[in-house]
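The values are calculated or read from the model by the stated rules, or taken from the named source; none is laboratory data. Keep in mind the model is a prediction, meaning the values are calculated, not measured. Note: ideal-geometry Cβ built from the backbone for every residue, glycine included; neighbour counts use all protein chains shown.
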Amino acid sequence: MDVTKMNTAITEAVQQAISTEMAKLPKIVKQAVSTAIQELQEKMNILESKVDSLEFRNQSLTSENIQLKKDLSLVAVSSAVQDINREVYSRKWNLVIHGISGAPKEEEATTEDKVCQMGAECLKIASAQDKSQHPFAACHRLSAAKDAGIIGLRSELLGYRTNLPAEQKKAAKTQYSQAWPFITLNLGNGRNFKPKFCVEDLVNRYYEHSAANIDYNYNHIKL
């Protein structure tokens, strides 16, 4: 075989091989692209599942947070009511005595001795000078500062009543109760004025579920 024919044969063989491989290329590329898309879709499905799970968890946490705020509000109000009641009833036997002289920052023991002496001499309490039997549980001086220990309380109930029309003002009655809120303005016809400090639903639940088991009969306000 001469060189020319051999070169021609080689060229044709190479061209044929290239043509064959080129014919396969679109199919290979298409398969590779299809595989890549499938893998990407699988990853997207996993991510979507995780996003859905996170969204569900976020909604659950949001709901729990809202409920927690309500529960904390209930606990706060209940605790406040209990503290108020405890403070009121723990102080009902307190007695403020004026006119007993003493030095600034006087020791409580000295104050106690003076109170006992006053009890024996002025009140004629026989046991006043016997430290083991005297009726004064604790003795201490109030601050000498002006209005010390006095907290100004704006009477929202009476202020509201003052601004009522004459006929409604006549029907409005102030009622006192042995439990919080201690004072209520009855407007007549079974209606009560509800000041800002009366959080109705929370306080109602407190009275229903309190371990103190407060009797509604002692409280005039209808919650």
Exercise for the section: Take segment 158-191 and flag every residue that is modelled with pLDDT of 80 or more, in a strand (DSSP E or B) and not polar (S, T, N, Q). Expected result: Lys173, Leu185, Leu187, Gly188, Arg191
Handout entry: Flag for His134 being closer than 30 Å to Gln178 by Cβ and surrounded by 13 or more Cβ atoms within 10 Å (Cβ to Cβ)
Key = yes
Handout entry: Only one of Glu64, Glu42 that is more than 33 Å from the chain's Cα centre (by Cα) and either among the charged types (D, E, K, R) or surrounded by fewer than 10 Cβ atoms within 10 Å (Cβ to Cβ) (or both)
Key = Glu42
Problem - Answer from Glu12, Glu55, Glu87 - the residue that is out of contact with any Asp or Glu (no Cβ under 6 Å at 6 or more places or on another chain) and at pLDDT 80 or above - result: Glu55
Practice task
Residues being surrounded by 11 or more Cβ atoms within 10 Å (Cβ to Cβ), part of a helix (DSSP H, G or I) and either touching a helix residue (DSSP H, G or I) at 6+ places or on another chain (Cβ under 8 Å) or of a type outside the set (Phe, Trp, Tyr) (or both): count how many of those fall in segment 72-112.
Solution key: 19
Problem - Tally of residues being assigned to a helix (DSSP H, G or I) and among the small types (Gly, Ala, Ser) across segment 113-126 - result: 2
Exercise for the section: Kindly indicate whether Ile125 is surrounded by 11 or more Cβ atoms within 10 Å (Cβ to Cβ), free of Cβ contacts under 8 Å to residues at least 12 places away in the same chain and either outside the structural domain of Ser177 (by TED's automatic domain parsing) or not acidic (Asp, Glu) (or both). Expected result: yes
